[in-house]
Structures are given as structure tokens and as C-alpha cells.
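Worksheet: the structure to be examined is printed underneath.
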Amino acid sequence: MASNPASWFVYLLECRGGRIYTGIATDVDRRLAEHRAGRGARFTRAHPPERELARLPCADRPEALRREAAIKRLTPAAKRALAAGVASPPGAVETVTCLGKPDPSQ
């Protein structure tokens with residue numbers, strides 16, 4: 001992925017109070033620094049991030065947006081299971097294939 005700077009990611013952050021923030025970015029490290037500096041989303045200004053839970057690669061921005069929307073509909077417990085690698089990301093065949101679309105041959 002280093003050869004493709006336009007790669008997109010869905011990321012999950014554990015924030016103050018145990019809340020989980022989900023977002024998308026091409027540079028998660030930069031975005032996390034923005035959140036921590038108070039220049040990120042309104043949610044993370046009110047609930048500063050404490051740690052990154054997961055970073056899921058996506059093929060492009062539309063896929064990242066779809067995954068973000070699906071993950072935001074999950075319960076906090078399901079988000080934690082996803083971050084721990086116990087559950088498959090929405091739209092993925094298995095945890096290992098968190099990027100890409102389900103293989104229709106399976």
C-alpha cells in the first residue's frame with residue numbers, strides 16, 4: 001500500500017469514557033494527530049481519543065464510506081470484536097479480507 005498514497009482506511013478509536021469513534025482517512029496517523037490536537041471531528045474534541053483500536057484498509061473512498069456507515073451501525077461490543085479480529089468487517093467475507101469485496105465464488 002505504500003506505493004499507492006491514495007489508499008483509504010476505516011479506523012476505530014477508543015475515546016474518553018470508553019466511547020468508540022469511527023472515521024475514514026488516507027493517512028490515519030495524521031488524522032489521529034489532528035483528533036488529539038483538537039482539530040478533528042466535533043466528537044473527538046468532546047471525547048479525546050485514547051488509543052487506536054483498528055485500521056481497516058479499503059480499495060477506494062466509496063468503499064471506505066460504505067464500511068464506515070456499516071460499522072457505525074454496530075453495537076460497541078461488535079465494534080470491539082471487529083477491532084480484536086474476532087468478527088468480520090461488514091461487507092467482508094472474513095477478517096483477513098477486510099479490504100476488497102466478497103468473492104462471489106465462495
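We did not get these values from a lab; they are worked out from the coordinates using the rules stated. Because the structure is predicted, anything quoted here is derived from the model rather than measured. With ideal geometry, Cβ positions are generated from the backbone for all residues, glycine too; neighbour counts draw on all protein chains shown.
What does the extension gain come out to for THR75 and ARG42, with contour length at 0.36 nm per residue minus their alpha carbon separation?
9.8 nm
Using 0.36 nm per residue, how much length does the chain from ARG51 to ARG19 gain when fully extended, once their Cα-Cα distance is taken away?
Full extension from ARG51 to ARG19 adds 10.4 nm.
Given axes a ≥ b ≥ c from the Cα gyration tensor, I'd like to know whether the range 1-83 is rounded (a/c under 1.5), prolate (a/b larger than b/c) or oblate.
Values: a/c = 1.96, a/b = 1.23, b/c = 1.60.
Since a/c reaches 1.5 but b/c is at least a/b, the shape of the range 1-83 is classed as oblate.
Nearest 20 debye, what's the magnitude of the dipole of the range 8-97 about its Cα centre given +1 on Lys and Arg Cβ and -1 on Asp and Glu Cβ?
420
Read phi for every residue in the range 59-70 and hand back ³J(HN,Hα) as whole Hz from Karplus 6.51 cos²θ - 1.76 cosθ + 1.60, θ = phi - 60°, with x for Gly and Pro.
Here the 3J(HN,Hα) series is 6, 7, 4, x, 5, 4, 5, 5, 5, 4, 4, 5 Hz.
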